[in-house]
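To start, the structure under review is shown below, and the notes come after it.
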Amino acid sequence: MGYRYIDDHVSADACFVANGHTLEEVFIAAWEAALSCMINDPHSLGRRRIRRRRRYIEIEDETLDMLLFRFIEELVFYKDAEGLLLMVLECRIRRVRGTYKLNAAARGERIDPANHELLSDVKAVTMHRFSLVEKPDGWEATVVVDL
C-alpha cells in the first residue's frame, strides 16, 4: 500500500526560453511562447477582419524581470477576463525616473474553438525558474507557466 509521484508523466507546467536581440524582442517572444501553449497558430489571430480586437497595454515596474512577469500576466488576464487571445504587434520599453515603462499594442480575437486549435489553458505565470538575463548577443528569458 502507498503511492509515488511520477513527474515525467503528467505536468501542470510548461517551461520555455525566449530570446531577443533587444528587450522588446525578448518580451514579444516570451508572450508568443506563452500564447503558443494556448493555441496552435498564434499568427492567425486577428486576420479575420470581422472579429478583430485591439488592446493597448501599459504597465510599469521597478525591475525588468518583474516587468516581463507582469507583461505575460496581461496575456492571461485578457484570456480570462475578456475571452481574448492576443498577439503583440509592437512593444516599447523605456526607463523613466527609475521605473521601467512598457507600452504595447496587441491584436487578436475572442476564443472560438471553431476557429482556433486550442491546446492548454495557461492559468498563471510562475516565479519558478523565472529569469531575464542580458547575454552578449541580447536577452534571454526563462518562463514557467501553470497549465
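The values are calculated or read from the model by the stated rules, or taken from the named source; none is laboratory data. Since the model is a prediction, treat every value here as computed from it, not as a measurement. Backbone-built Cβ (ideal geometry, glycine too); neighbour counts: all protein chains shown.
Residue by residue through segment 37-66, note down the ones that are assigned to a helix (DSSP H, G or I) and either touching a residue at least 40 places away in the same chain (Cβ under 8 Å) or of a type in the set (Lys, Arg) (or both).
Restricting attention to segment 37-66, the residues satisfying the condition of being assigned to a helix (DSSP H, G or I) are 37-38, 42-44, 49-51, 64-66.
Selection gives 37, 38, 42, 43, 44, 49, 51, 64, 65.
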Quick one: how many residues across segment 110-147 are farther than 22 Å from residue 57 by Cα, of a type outside the set (D, E, K, R) and touching a strand residue (DSSP E or B) at 6+ places or on another chain (Cβ under 9 Å)? 9
Please identify the pairs in which a residue from segment 1-28 that is part of a strand (DSSP E or B) and among the small types (Gly, Ala, Ser) has its Cβ atom under 8 Å from the Cβ atom of a residue that is surrounded by 10 or more Cβ atoms within 10 Å (Cβ to Cβ) and at pLDDT below 85, counting only partners at least 6 apart or on another chain. none
Contacts under 7 angstrom Cβ, first residue in segment 127-140 being touching a residue at least 12 places away in the same chain (Cβ under 8 Å), partner among the hydroxyl-bearing types (Ser, Thr, Tyr) and outside any loop (DSSP other than H, G, I, E, B), 6 or more apart: 129/142; 130/142; 131/142
For segment 71-89, what are the residues that are surrounded by fewer than 18 Cβ atoms within 10 Å (Cβ to Cβ) and either in contact with a helix residue (DSSP H, G or I) (Cβ under 8 Å, 6 or more places away or on another chain) or within 12 Å of residue 30 (Cα to Cα) (or both)? 73
Among all residue pairs at least 6 apart or on different chains, which show Cβ distances below 8 Å where the first residue, located in segment 94-109, is within 10 Å of residue 58 (Cβ to Cβ) and the second is aromatic (Phe, Trp, Tyr) and surrounded by 15 or more Cβ atoms within 10 Å (Cβ to Cβ)? 102/27; 102/71; 104/27; 104/71
